[in-house]
1. Given labels modelled 7 Å from the Cα in the Cβ direction, how far is it in nm from residue 17 to residue 49?
2. Contour minus end-to-end for residue 58 and residue 40, with contour as 0.36 nm per residue of separation and end-to-end as the Cα-Cα distance?
3. For the chain, what does -39500 (n - 2.57) per DSSP helix run (n ≥ 4), summed and divided by total residues, give at 222 nm, in deg cm²/dmol to the nearest 500?
4. Each residue of region 4-17 in order: what ³J(HN,Hα) in whole Hz does its phi give by Karplus 6.51 cos²θ - 1.76 cosθ + 1.60, θ = phi - 60°, with x for Gly and Pro?
5. DSSP loop GluC sites (Glu not before Pro) in the chain with at most 16 other Cβ atoms within 10 Å of their Cβ, which ones?
6. Could you work out the mean projected area of the convex hull around the alpha carbons of the chain, in square nanometres to one decimal?
7. Using the Cα centre of the chain as origin and beta-carbon charges of +1 (Lys, Arg) and -1 (Asp, Glu), tell me which of 8, 46, 20 is placed farthest towards the positive end of the dipole.
8. So for the pair residue 5, residue 29, with labels modelled 7 Å out along Cα→Cβ, what separation do we get in nm?
Amino acid sequence: MANPTHRHTRSRRDKRRANWKGQNPTLVECPECKEMKLPHRVCAQCGTYDKKKVLEVVSKEL
Ligand SMILES: [Zn+2]
C-alpha cells in the first residue's frame, strides 16, 4: 500500500492550505430579463431556458 514515508511539517501543511480559497461563481446575463444567472441553468427571475418558458416563477416576496 502506498503510504507517505515522512510526515510533513505544520508549516508545509499550512502553506499548502494557504492556497485553498473559494471562488466566486461564474455568472452570465439572462437574455430574456437581463438578470445575472448561473450558466446552463434556468433563470430564477423569469423561468426561461433557451428562449423558452420552462418554469412558472413563484415570487418569494409577500
Ligand atoms: Zn431571466
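1. In this crude spin-label approximation the distance works out to 3.8 nm.
2. Details: separation 18, 0.36 × 18 = 6.48 nm, distance 2.05 nm.
That pair, residue 58 and residue 40, stretches by 4.4 nm at full extension.
3. On the way: 1 runs with 9 residues, N = 62.
Calculated at 222 nm, the ellipticity per residue is -4000 deg cm²/dmol.
4. Once θ is set to phi - 60°, the couplings for region 4-17 become x, 6, 10, 6, 6, 5, 4, 4, 5, 4, 5, 5, 5, 6 Hz.
5. Working: sites: 29, 32, 35, 56, 61; in loops: 32, 35, 56, 61.
Of the GluC sites (Glu not before Pro), the ones in loops of the chain whose Cβ has at most 16 other Cβ atoms within 10 Å are 32, 35, 56, 61.
6. Numbers: hull surface 37.3 nm².
Mean projected area of the Cα convex hull: 9.3 nm².
7. The residue sitting most towards the positive pole is 8.
8. 5.7
Every read-out reported here was derived from the displayed coordinates using simple, explicitly stated rules and does not represent laboratory data. From a predicted model like this one, the values you see are computed outputs, not experimental measurements. All Cβ positions, glycine included, derive from the backbone under ideal geometry; neighbour counts span all protein chains shown.
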